[in-house]
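This report refers to the structure that appears directly beneath it.
The values are calculated or read from the model by the stated rules, or taken from the named source; none is laboratory data. It should be emphasised that the depicted structure is a prediction, and the values quoted were computed from it without experimental measurement. Neighbour counts run over all protein chains shown; Cβ positions are idealised from the backbone, glycine included. Side chains are part of the model used for accessible areas, which takes the heavy atoms of the whole protein and leaves out ligands, DNA and RNA. Shrake-Rupley method; radii C 1.70, N 1.55, O 1.52, S 1.80 Å.
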Amino acid sequence: MKKVLKVFLIVLGSLLLLAVMGGLIGWSYVKSTFLDFEDEYVEKKDFQEITVDGYTFLDRNGNGKLDIFEDDRRSSNERVEDALSQMTIEEKIHLLKGSGLASAMGRVEPGEGIPGAVGTIVPTPRLGLPTIYLSDGPAGLRIEPTREGEDRTYYCTAFPIGTLLASTWNTDLVEGMGSAMGNEALEYGLDVILGPGANIHRHPFCGRNFEYYSEDPVLTGYIGAAMVNGIESNGVGTSVKHFVANNQETNRNYNDVIVSERAMREIYLKGFEILVKESQPWTIMSSYNKVNGTYTSESRELLTDVLRDDWRFEGLVMSDWFGGSDAPAMIGAGNDLLEPGTKKQWNALIDAREDGSLTIGEIDTSVRRILKLIIQSRKMQNYQYGNNPDLKAHAEIIRQSASEGMVLLKNENTLPLQNAKSVALLGVTSYDFIAGGTGSGDVNEAYAVSLEEGLKNAEYEINTTAKNIFESHRMANLEEFQKPEGIKAMFTPYTPPQVVYTVEELDRIASEADLAIITIGRNAGEGGDRVEVDDFLLSSIEQEMIENTCRIFHKASKHVIVVMNIGGVIETSSWKAQPDAILLAWQGGQEGGNSVADILSGKVNPSGKLPMTFPVNLDDHASNKNFPQDGEPMNVMDMIFGGEVESEEDMVRNRDYTIYEEGIYVGYRYFDKAKLDVSYPFGYGLSYTDFEYGDLNVTEENDTINVLVTVQNTGDQAGKEVVQVYVSKPNSIVDRPEQELKAFVKTKALAPKETQEIVFLIPVSELRYWDEDKPGWILESGTYSIRIGASSRDIRFALEVDLLEEND
């Protein structure tokens with residue numbers, strides 16, 4: 001009977017969604033039937049002014065006097081306490097949840113709100129507290145580009161994906177890009193960007209890896225903090241997500257992560273810890289999944305003991321959309337804001353307050369945190385946004401940012417291009433470049449530059465024979481070349497069929513063009529994980545295309561370049577020997593084609609480095625036996641109506657629960673420990689110039705390890721280098737990785753023969769491991785090796801330093 005009911009609800013919910021999206025059911029009906037929120041909670045927008053001591057303020061509550069919460073000369077805490085003291089219990093409970101399903105789908109009445117904004121913090125009209133608008137945004141804002149009754153557009157910039165940003169290893173650049181994104185939010189009237197994502201690349205199949213930064217928590221933490229600091233410099237908040245261990249999309253709402261405390265502390269929590277301490281984001285978003293049997297959004301241990309007590313996080317925690325199971329338990333644990341907010345949650349909070357299971361103290365604690373965000377928002381400063389961000393300037397920023405995060409994996413006297421004007425573009429993605437992933441990381445941008453357009457802009461000629469073959473293929477498969485739109489676009493990757501070239505066609509193309517560029521594309525995102533066949537592995541068509549193209553062009557003494565327009569790791573070991581050059585372009589946002597052309601032409605010297613390892617085989621990952629392999633898509637109705645398996649007997653491994661048996665051995669930590677060959681190591685990337693390291697000096701003083709090293713550009717082109725510091729503990733008495741990244745820096749653009757001195761200050765406390773028996777952080781006495789490298793497998797120098805245990 002339960003299964004029949006569930007099927008009925010799925011069908012009913014799907015029909016409801018389609019009816020609403022198609023306009024067959026009005027939003028007033030949806031609100032009254034499913035939400036039933038009170039009309040009295042409509043934002044108050046007209047205020048009288050009050051002049052006090054020569055300063056002008058808004059009389060938000062209309063009482064004819066200046067209240068403390070209205071006075072921006074007072075401290076944030078004073079203003080929060082004053083507003084809290086004036087709220088009724090009903091207003092407090094109302095503030096604990098968003099405005100409901102309509103906002104979750106970005107739907108508002110014409111002329112009201114911000115169409116496409118995915119959620120809100122509701123207004124408190126009696127006090128004049130404003131609506132706070134939340135927008136998806138890991139790679140740019142996601143709002144509707146057109147509005148009913150208006151003849152203008154509201155496009156947003158599609159920024160490079162998170163994995164590309166991590167590949168820059170450049171915190172200054174990422175902070176600058178975050179500043180541009182935050183400015184765009186400010187000018188469109190948005191108050192909080194739901195990003196960045198800070199989950200670890202535990203396995204290459206995670207569908208949302210493109211949103212996340214790295215397999216390493218240190219790189220994740222510092223790149224994420226730079227993004228937060230950039231965005232929030234505009235007075236716009238961020239929501240760092242998904243806290244924590246949300247490392248698969250398969251059954252993400254109900255999956256139970258079984259993980260050791262040490263792995264949590266050293267791997268999955270560590271990036272968030274760095275991010276909190278380096279940037280103090282306005283909000284953190286709890287994840288859908290459970291950790292060791294408890295939903296993260298209901299875990300007081302995670303949300304209060306670790307996040308607030310250990311790390312001193314000062315902001316609020318919001319749920320992921322429809323996340324969690326027990327609304328009062330979420331508030332009690334420290335999940336302050338329930339998004340998008342449902343009638344069921346509202347009623348549960350009211351009932352819990354009445355029966356005493358949710359105390360007024362717990363309610364006030366969460367309301368204080370929400371009020372703090374409202375008070376510090378630009379809405380409370382009466383900022384008049386103009387809806388006119390400088391999209392052209394932002395496009396220039398992302399063009400440069402994207403090129404700096406692209407990674408040159410191979411170059412055999414091929415790049416930068418010399419004396420080549422006619423380029424044969426092969427593969428569908430050369431003409432249909434992928435700007436980013438799907439889901440909440442998608443953006444409604446005005447345009448996206450393909451590789452074809454980028455090369456034309458750089459004044460290269462595009463071979464017409466290859467282009468005509470592509471066009472004929474596209475026309476023969478028009479339906480499959482239709483990109484998903486609307487709600488479908490959020491959860492459906494765009495995967496048009498690959499073009500097939502005959503040997504005769506390639507012979508003709510090789511006779512006409514100076515070189516060939518093959519683009520390999522992959523699109524993934526929210527709602528499903530990737531698979532091995534025709535995704536991680538090249539398809540048979542792609543393998544044949546590379547093999548035949550390389551054979552025919554090499555026979556004509558012409559080069560072949562492979563460009564990888566992908567969001568996550570694919571297998572490269574079996575085919576990388578064939579082409580002359582390989583550029584990992586990632587997905588560079590709307591200017592991606594121009595950014596690739598800048599590198600190929602030599603306008604930009606590549607300086608990206610890998611933020612994860614490219615393995616030889618998928619099974620080389622220790623996590624592979626404990627990760628879903630079938631790419632099961634998400635059921636949207638499960639998210640709304642519930643889909644948790646209640647019986648342990650019915651639970652499926654790697655779907656309903658996932659055991660992190662590999663512990664701390666994620667990414668390079670495992671490959672190094674197991675002494676496995678890799679295709680491309682963590683931290684790897686080539687340049688058009690060469691760098692030499694020298695003058696390494698390591699000292700320890702005042703609980704800080706001081707590392708000094710010089711880097712010289714020994715080549716003949718200006719370029720940037722990423723200097724990486726790894727620490728190893730030889731002869732450790734505990735099981736530890738062979739080495740761990742502890743610091744990094746990207747040099748400035750060094751002219752030929754120019755030298756830069758780099759100084760790292762590494763707290764000794766960062767060399768500790770988590771002792772599960774204590775439990776707590778322990779510094780092991782003894783000798784540590786401080787290693788300076790150009791990648792995890794290219795260590796240039798190493799010096800030792802002796803440290804004493806903290807209580808020695």
* **Distant-in-sequence amide H partners of GLY341 (H built 1.01 Å from N, under 5 Å)** => GLY98, GLY100, PHE322
* In percent, how large is the relative contact order of the chain, given Cα pairs closer than 8 Å and 6 or more residues apart? -> 13
* Fraction of the pair-distance distribution of segment 77-210 above 23 Å, Cα-Cα pairs, percent -> 48
* What is the dipole size for segment 224-292, taken about its Cα centre, with +1 at each Lys and Arg Cβ and -1 at each Asp and Glu Cβ, in debye to the nearest 20? -> 80
* Asked: Charges only on Cβ, +1 for Lys and Arg, -1 for Asp and Glu: so what's the dipole of segment 701-744 about the Cα centre, in debye to the nearest 20?
  -> 40
* Asked: Sorted by accessible area with a 1.4 angstrom probe, largest first, how do ASP794, ASP580 fall?
  -> ASP794, ASP580
* For each pair in LYS555/LYS576; LYS277/LYS675; LYS555/LYS609; LYS290/LYS729, compute the distance between the two Cα atoms and list the pairs where it is over 22 Å. => LYS277/LYS675; LYS555/LYS609; LYS290/LYS729
* Quick one: Karplus J couplings for segment 190-198, per residue in order, coefficients 6.51, -1.76, 1.60, θ = phi - 60°, nearest Hz, x for Gly and Pro? -> 8, 10, 9, 9, 7, x, x, x, 10
* With the contact rule set at Cα under 8 Å and sequence spacing of 6 or more, what percent relative contact order holds for segment 485-565? -> 44
* **Cα convex hull volume per residue for segment 660-705 (Å³)** => 165
* Which far-off residues, 5 or more places away or on another chain, put their amide H under 5 Å from the one on GLN724, with H placed in the peptide plane? -> GLY789
* **Estimated 222 nm signal from helices in the chain, with DSSP H stretches of n ≥ 4 weighted -39500 (n - 2.57), rounded to 500** => -8500 deg cm²/dmol
* Can you work out ³J(HN,Hα) from phi for every residue in segment 144-154, in order, using Karplus 6.51 cos²θ - 1.76 cosθ + 1.60 and θ = phi - 60°, giving whole Hz and x for Gly and Pro? -> 5, x, 10, 9, 4, x, 10, 9, 10, 10, 10
* Listed peptides 447-457, 387-397 by packing density, highest first (mean Cβ within 10 Å) -> 447-457, 387-397
* Asked: Taking all protein chains as present, what is the carbon and sulfur share of the accessible area of segment 71-183, in % to the nearest whole number, probe 1.4 Å?
  -> 43
* For segment 110-164, take the alpha-carbon Rg, divide it by the Kirkwood Rh, and send me Rg/Rh. => 1.08
* Asked: Expressed as a rounded percentage, what relative contact order does segment 757-808 have, with Cα pairs under 8 Å and six or more residues apart?
  -> 28
* Using the heavy atoms of the protein chains alone and a 1.4 angstrom probe, what is the accessible area of the chain per residue in square angstrom? -> 39
* Asked: Which residue, chosen from LEU750, ALA225, ALA83, occupies the Cα position most advanced towards the positive end of the dipole of the chain, where the dipole is computed from +1 (Lys, Arg) and -1 (Asp, Glu) charges on Cβ about the Cα centre?
  -> LEU750
* Highest average packing first - 719-725, 155-161, Cβ atoms within 10 Å -> 155-161, 719-725
* Is segment 242-345 rounded, prolate or oblate when judged by the Cα gyration tensor, a ≥ b ≥ c being the square roots of its eigenvalues, rounded requiring a/c under 1.5 and prolate requiring a/b larger than b/c? -> oblate
* Asked: Quick one: which of 654-661, 272-279 comes out on top by average Cβ neighbours within 10 Å, and what's the full order, highest first?
  -> 272-279, 654-661
* When the Karplus curve 6.51 cos²θ - 1.76 cosθ + 1.60 is applied with θ = phi - 60°, which whole-Hz ³J(HN,Hα) does each residue of segment 743-757 get, with x for Gly and Pro? -> 6, 7, 7, 9, 5, 6, 6, 8, 6, x, 6, 6, 10, 10, 8
* To do: Heavy atoms only, probe 1.4 Å: what % of the accessible area of segment 454-506 goes to carbon and sulfur, would you let me know?
  => 49
* To do: Run a plain Debye calculation on segment 427-490 (Cα atoms as equal point scatterers, no solvent) and give log10 I(q)/I(0) at q = 0.19, 0.20, 0.21, 0.28 Å⁻¹, rounded to two decimals, same order as the q list.
  => -0.88, -0.94, -1.00, -1.25
* Is segment 670-771 rounded, prolate or oblate when judged by the Cα gyration tensor, a ≥ b ≥ c being the square roots of its eigenvalues, rounded requiring a/c under 1.5 and prolate requiring a/b larger than b/c? -> oblate
* **D_trans [Stokes-Einstein, Kirkwood Rh over alpha-carbon pairs] for segment 365-507, 10 °C, 1.306 mPa s, µm² s⁻¹** => 81
* To do: If a/c stays under 1.5 just call it rounded; otherwise compare a/b with b/c (prolate if a/b is bigger, oblate if not). Do that for segment 225-289, with a ≥ b ≥ c from the square roots of the Cα gyration tensor eigenvalues.
  => oblate
* Taking amide H positions as placed 1.01 Å from N in the peptide plane, with prolines and chain starts having none, which residues 5 or more places from ILE462, or on another chain, fall under 5 Å of its amide H? -> VAL423
* Bridge type composition, segment 210-340 - antiparallel percent by DSSP, nearest 5 -> 20
* Gained length - THR755 relative to ILE778, 0.36 nm times residue gap less alpha-carbon distance -> 4.5 nm
* Between ARG126 and LYS277, how many nm apart are label points set 7 Å from Cα along the C-beta direction? -> 4.4
* Structure fact -> Per residue, the convex hull enclosing the alpha carbons of segment 568-720 has a volume in Å³ of 245
* To do: For segment 453-579, evaluate the Debye formula with one uniform point scatterer on each Cα (no solvent term) and list log10 I(q)/I(0) at q = 0.09 Å⁻¹, rounded to two decimals.
  => -0.30
